[in-house]
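Enquirer: Before we start, here is the structure in question, set down as structure tokens.
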Amino acid sequence: MAPKVNRKTVKKKKTEEPELEPLCCCEYIDRNGEKNHLVASFCDCQDLDEGCERWITCKSLQPETFERIMDTISDRFRIPWLRGAKKVNISIIPPLILLPLFLHVASWHLLLGIIILTSLPALTLGYYYLTHRRKDRTLFFLSLGLFSLGYMYYVFLKEVAPKGRVGQGQLVILTCGLFLILIALRQAKKNPGYLKSPVQNGSLPNNGPVELLNRKGQEKVKGYPGDSLGNVNNRIVKDDPKTYSRTSVESPNKVKEDWCAKCQLVRPARAWHCRICGVCVRRMDHHCIWINSCVGESNHQAFILALSIFLVTSVYGITLALDTICRDRSIFTALFYCPGVYTNYSTALSFTCVWYSVIITAGMAYIFLIQLINISYNVTEREVQQALREKTGRRLLCGLIVDTGQYNRGFLRNWHQFSTLGTRTLHPPAEDIV
């Protein structure tokens, strides 16, 4: 029998515990749980001192030391706030500084513009592959996208609109398009369809997995009641074999479900575990770095809407800017031949921003085209990548179109199903049945 604990003594112990002193605007609790001050941000950093010493003596820096330095900097990068300094994600700062700097330098000369505008996509892709390989979640791309929208609109108001070629109605349409983009992005950043773990809800399903010991009795294998080691079919995912496995099971209703050992839940068909968000998403399409969130069942429509509004607004703004900078020329001709554009710094900056917008618009148009093709064939980007790795499915137009044939119900029915994503149905859809 467990000894009874008097509630009064417990209350007295709780009242006797000293309360923490409130933090001032410049104080914070660091990652070690200690109280620190913004003034002492550059103190007591042995890793940073070691890194500077190695840099001065031209010695190589170990990756572990570099990661510790970055963790320390990100933990101490804060701003004064009420009841304690607030932590600021350091990845949002580089776009705010580098983008205006690069665009202003590119507007000095045509050759500088070509070099910088061609190197910006390469640098962005390099940073993407670096963070994607480390499975880090970063706000760099979201900050770059939002700041690009705001800065292009600022340059348009400051350099293009005062020239008198843009009417009030055109400016109102462009401004409304910008606000619609922000509203659609806000909707796209909402819950993409996260699957809640039964452990978090405080209950486990009746057919939940049990831990089975292998023959050696050392390792534990996730299985289901009634299964033995001989009939548990574990297929390790190639992307992250050490994280979780997909176990195909068949319920009485013949619904295809997968067990995620990472989230400790049973996933429905077409759901997948996002390695960056660390959670399972219903009908996951992909993890979008531009919204810093997954695109799934609940926000896929808003994501397509945001892309379409952005493309229309961007093309409209580019058309207005080129018509103002290079008069009496077609849009396509003005992009490649606009004499005298670099004689004036205002027109040079506007022309550089136009080309930057063209590069961004072309990239988003490619993403939009891929999304339209996938919706027409009722496949997700995750299923396309898996089919390409396993060399399954039907490939058309040099791999631009990949038809797995598993969920394709025809063009109209595929688009009808996409238009009804997120709505609750009484009966399971056809693709959930094995």
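Please treat every number below as a calculation from the coordinates, not as lab data. The structure presented is a predicted model; accordingly, all values stated were derived computationally and were not measured. Heads up, the Cβs are rebuilt from the backbone with ideal geometry, glycines too, and the neighbour counts pull from every protein chain shown.
Enquirer: Rank by packing, highest mean first: peptides 335-344, 360-369, 288-297, with packing defined as the count of other Cβ atoms within 10 Å averaged across residues.
Expert: Answer by packing, highest mean first, reads 288-297, 360-369, 335-344.
Enquirer: Provide the packing ranking of 108-120, 301-313, i.e. peptides ordered by the mean count of other C-beta atoms within 10 Å per residue, highest first. Don't skip to the end; give the middle numbers.
Expert: Details: 108-120: 14.5, 301-313: 20.0.
Going from most to least packed, we get 301-313, 108-120.
Enquirer: Another one. Say the cut-off is 30 Å between C-alpha atoms; which of K35/K189; K35/K190; K87/K190 go over it?
Expert: Values: K35/K189 34 Å; K35/K190 34 Å; K87/K190 23 Å.
K35/K189; K35/K190, as the Cα separations exceed 30 Å there.
Enquirer: Which residues' amide hydrogens lie under 5 Å from the amide hydrogen of R267, considering only partners 5 or more residues apart or on another chain, with H built in the peptide plane?
Expert: D258, W259, C260
Enquirer: Could you please tell me the mean projected area of the C-alpha convex hull for segment 293-434, averaged over all directions and given in square nanometres to one decimal?
Expert: Value for segment 293-434: 11.8 nm².
Enquirer: For segment 264-308 and segment 380-425, compute the distance between their C-alpha centroids and round to whole Å.
Expert: Using only Cα atoms, the two centres lie 15 Å from each other.
Enquirer: Turning to a different aspect of this structure: Calculate the dipole size of segment 261-415 relative to its Cα centre from +1 charges on Lys and Arg beta carbons and -1 charges on Asp and Glu beta carbons; express the result in debye to the nearest 20.
Expert: Value, rounded to 20: 660 debye.
Enquirer: Quick one: which residues, 5+ away or cross-chain, put their amide H under 5 Å from the amide H of Y194? H built at 1.01 Å from N.
Expert: For Y194, the qualifying residues are R282.
Enquirer: Also, I was wondering about something else. What does the extension gain come out to for C43 and L96, with contour length at 0.36 nm per residue minus their alpha carbon separation?
Expert: Between C43 and L96, full extension yields an extra 16.4 nm.
Enquirer: Right, something else. For S293, what residues show an amide H to amide H distance below 5 Å, using hydrogens built from the backbone and excluding near sequence neighbours?
Expert: The answer is C288.
Enquirer: What ranking, highest mean first, results for peptides 379-386, 93-100 when packing means the other Cβ atoms within 10 Å averaged over each residue? Numbers along the way, then the final one.
Expert: Values: 379-386: 20.8, 93-100: 14.6.
Output ranking for 379-386, 93-100: 379-386, 93-100.
Enquirer: OK, next. If you wrap a convex hull around the Cα atoms of segment 86-198, how much volume per residue is inside, in Å³?
Expert: Output value, Cα hull per residue: 162 Å³.
Enquirer: Through the Karplus equation 6.51 cos²θ - 1.76 cosθ + 1.60, θ set to phi - 60°, convert the phi angles of segment 278-286 into ³J(HN,Hα) values in whole Hz; use x for Gly and Pro.
Expert: Whole-Hz 3J(HN,Hα) from phi for segment 278-286: x, 8, 7, 10, 6, 6, 5, 8, 5.
Enquirer: With an 8 Å Cα cut-off and a minimum separation of 6 or more residues, compute the relative contact order for segment 61-191 in percent. Numbers along the way, then the final one.
Expert: Details: 54 pairs, mean separation 23.7, N = 131.
Answer for segment 61-191 is 18 percent.
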